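Q: Sharing a structure with you now.
The values are calculated or read from the model by the stated rules, or taken from the named source; none is laboratory data. Quick caveat: nothing in here was measured; it's all calculated off a predicted structure. Reconstructed Cβ throughout: ideal geometry from the backbone, glycine too, with neighbour counts over all protein chains shown. When the accessible area is computed, the model is the full protein with side chains, heavy atoms only, and any ligands, DNA or RNA have been set aside. Shrake-Rupley method; radii C 1.70, N 1.55, O 1.52, S 1.80 Å.
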Amino acid sequence: GTGQSISCTYVDTTKGWIPTVDDDVTLETPQSYSAEMLIVAGGGAGGSSGHGGGGGAGGYRTSTQNLTQGATYTITIGAGGSGGLDVGGSAVSGSDSSISGTGITTITSAGGGGGAKGNTNVADTGGSGGGGAGSSNGTNLGANGNTPSTSPSQGNNGGNHSHVGGSYPTGGGGGASAVGGNGSGHNGGDGGAGTSNSITGSAVSYAGGGGGSTHSDGSGNSPTQGSGGAGGGGAGAKDGNAKSGTANLGGGGGSASGDNNGNSGNGGSGVIFLSIPDASYTGTVFFFF
């Protein structure tokens with residue numbers, strides 16, 4: 001079999017070749033292949049309980065490493081955080097995505113931070129931070145992104161809320177390439193933009209933040225909810241239900257608005273892609289979600 005050597009001696013036409021010596025030989029060093037990697041975590045949910053902040057996008061990281069023939073690698077895909085009508089002090093953050101194995105550096109992207117619940121200042125940190133919630137208590141700040149810190153940065157901070165009249169405009173969640181927008185005037189902040197990547201052969205944006213919400217206060221203004229950031233971020237709500245982040249893009253969920261009469265959006269699940277050149281493998285791209 002493979003890895004064996006044998007010596008034979010020819011005896012005669014009747015007995016033919018007789019093995020005389022066999023021995024194990026050292027196998028050749030397993031071949032390694034350079035692979036490009038994209039690792040996106042699950043996005044955070046938008047805040048609820050009225051006037052919540054947008055959910056932060058899942059952490060966005062890339063790497064190029066050598067994969068070894070015959071080695072085993074563990075790949076974990078982060079789920080998006082769960083939104084809803086009332087999910088406590090802050091929305092549920094997304095879960096981490098990672099790849100690890102013998103001979104490579106473990107790469108972990110942190111789940112996106114959940115947006116703050118209305119009338120609180122408890123947005124969660126994460127790959128990108130959740131947005132600040134609306135309240136009558138002054139300014140509520142969005143949470144920090146790129147937590148834990150990586151270089152290059154895996155995400156950005158969530159936007160802030162600043163109380164204006166009865167609209168309670170809230171901050172958008174941070175995205176992979178931009179901070180979440182602040183609630184401004186009567187308008188909710190936009191989710192931070194994600195980052196475009198062509199690992200699949202086509203340019204696709206990943207890890208956009210969820211939009212902040214606003215509320216019609218009956219004073220004749222025409223408030224606008226925050227849009228979701230490019231890369232799967234869900235739009236915030238105006239007097240109703242928010243949009244969820246897009247699955248397999250790691251987008252943050254949009255935030256709910258009003259007085260406990262709307263649901264916040266779920267965060268979108270993450271994704272991992274591995275790309276190996278044709279010269280090294282018969283395929284081109286592995287993807288996991």
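Q: Considering Gly142, Gly132, Gly158, Gly118, which residue is modelled with pLDDT of 95 or more, assigned to a loop (DSSP other than H, G, I, E, B) and either buried (at least 24 other Cβ atoms within 10 Å of the Cβ) or among the basic types (Lys, Arg) (or both)?
A: Selected residue: Gly158, the only one of Gly142, Gly132, Gly158, Gly118 that is modelled with pLDDT of 95 or more, assigned to a loop (DSSP other than H, G, I, E, B) and either buried (at least 24 other Cβ atoms within 10 Å of the Cβ) or among the basic types (Lys, Arg) (or both).
Q: While we're here: Which condition breaks for Ser196 when tested against (1) part of a loop (DSSP other than H, G, I, E, B); (2) open to solvent by 50 Å² or more (accessible area, probe 1.4 Å)?
A: Result: Ser196 fails condition (1) only.
Q: Further question on the same structure: Does Gly191 satisfy the criteria of being among the small types (Gly, Ala, Ser), farther than 20 Å from Gly84 by Cα and either crowded, with 24+ Cβ neighbours inside 10 Å or at pLDDT below 95 (or both)? Show your work before the answer.
A: On the way: among the small types (Gly, Ala, Ser): yes; farther than 20 Å from Gly84 by Cα: no; either crowded, with 24+ Cβ neighbours inside 10 Å or at pLDDT below 95 (or both): yes.
Taking the combined requirement at face value, the residue does not satisfy it.
Q: Take Gly240 and decide whether it is over 22 Å from the mean Cα position of the chain (by Cα), in a loop (DSSP other than H, G, I, E, B), surrounded by fewer than 21 Cβ atoms within 10 Å (Cβ to Cβ) and at pLDDT below 95.
A: Here the answer is yes, as Gly240 does meet what is asked.
Q: Cβ-Cβ distance below 9 Å, separation of 6 or more or different chains: which pairs start in the stretch 262-289 with a residue that is of a type in the set (Asp, Glu) and end on one that is at pLDDT 60 or above and open to solvent by less than 10 Å² (accessible area, probe 1.4 Å)?
A: Matching pairs, first to second residue: none at all.
Q: Would you tally the residues in the stretch 238-248 being under 9 Å from Gly46 (Cβ atoms) and touching a residue at least 40 places away in the same chain (Cβ under 8 Å)? Don't jump to the end; show me each part of the working.
A: Going residue by residue through the stretch 238-248, those that are under 9 Å from Gly46 (Cβ atoms) are 242-245.
Okay, now just the ones that are also touching a residue at least 40 places away in the same chain (Cβ under 8 Å), so 242, 244-245.
So the count comes out to 3.
Q: Every residue in the stretch 200-229 that is among the hydroxyl-bearing types (Ser, Thr, Tyr) and either assigned to a loop (DSSP other than H, G, I, E, B) or modelled with pLDDT of 95 or more (or both), please. Don't jump to the end; show me each part of the working.
A: Going through the stretch 200-229, the residues among the hydroxyl-bearing types (Ser, Thr, Tyr) turn out to be 200, 202, 205-206, 213-214, 216, 219, 222, 224, 227.
If the condition is that a residue be among the hydroxyl-bearing types (Ser, Thr, Tyr) and either assigned to a loop (DSSP other than H, G, I, E, B) or modelled with pLDDT of 95 or more (or both), then Thr200, Ser202, Ser205, Tyr206, Ser213, Ser216, Ser219, Ser222, Thr224, Ser227 are the ones that fit.
Q: Go through (1) out of contact with any Pro (no Cβ under 8 Å at 6 or more places or on another chain); (2) modelled with pLDDT under 90 one by one and return the number of the condition His186 breaks.
A: (1)
Q: Kindly establish whether Ser82 is of a type in the set (S, T, N, Q), in contact (Cβ under 8 Å) with a residue 24 or more places away in the chain and within 13 Å of Leu274 (Cβ to Cβ).
A: So Ser82 does not fit the description; no.
Q: Might you check whether a residue that is more than 24 Å from Ile276 (Cα to Cα), in a loop (DSSP other than H, G, I, E, B), at pLDDT 95 or above and open to solvent by less than 10 Å² (accessible area, probe 1.4 Å) occurs anywhere in the stretch 93-101?
A: no
Q: Could you tell me whether Gly232 is in a loop (DSSP other than H, G, I, E, B), within 13 Å of Gly158 (Cα to Cα) and in contact (Cβ under 8 Å) with a residue 60 or more places away in the chain?
A: Answer is no for this residue.
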